[in-house]
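K.L.:
One structure, as structure tokens, below. Some questions next.
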């Protein structure tokens, strides 16, 4: 039997961030709303796409994301799942990083000469 794949890589901005909470086991948990916008090719045509997605970060990722600014852009990696009592999809963030291409020129790291 082939193992099923559930991996999502998404560049997105944080548009909402709830207050940090803790699971019954004491693990930090942070609910977010992410917004993505890009241009993709579909059926031979260029298409502008936008999407908002609920997301969840746990543990050290939750603690790190709690300190990031609303409006900041990141590259997120994780998986999608529906909550027990819901019909929508939630993106579970397992890793995130800020890519150099997402910086504006004045924010880019200094180049050594």
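Since every read-out is calculated from the coordinates, none of them should be taken as a lab result. All values reported here derive from a predicted model rather than from experimental measurement. Cβ placement follows ideal geometry from the backbone for every residue including glycine, while neighbour counts extend to all protein chains displayed.
K.L.:
Can you tell me the relative contact order of segment 1-51? Whole percent, Cα pairs under 8 Å, sequence separation 6 or more.
P.N.:
On the way: 60 pairs, mean separation 14.0, N = 51.
With pairs under 8 Å counted, the relative contact order is 27 percent.
K.L.:
Additional query: Listing 33, 50 from the residue with the fewest other Cβ atoms within 10 Å to the one with the most, what is the order?
P.N.:
50, 33
K.L.:
What does segment 1-62 give for Rg and for Dmax, in Å, if only its C-alpha atoms count?
P.N.:
Just the Cα atoms of segment 1-62 yield Rg and Dmax of 16.0, 49 Å.
K.L.:
Continuing with the same structure: Give the Cα extents of segment 25-106 along the principal axes, in whole Å, largest first.
P.N.:
49, 39, 17
K.L.:
While we're looking at this one, here's another question. Quick one: compute the contact order of segment 16-75, relative version, from alpha carbon pairs under 8 angstrom and 6+ residues apart, as a percent.
P.N.:
Rounded, it is 34 percent for segment 16-75.
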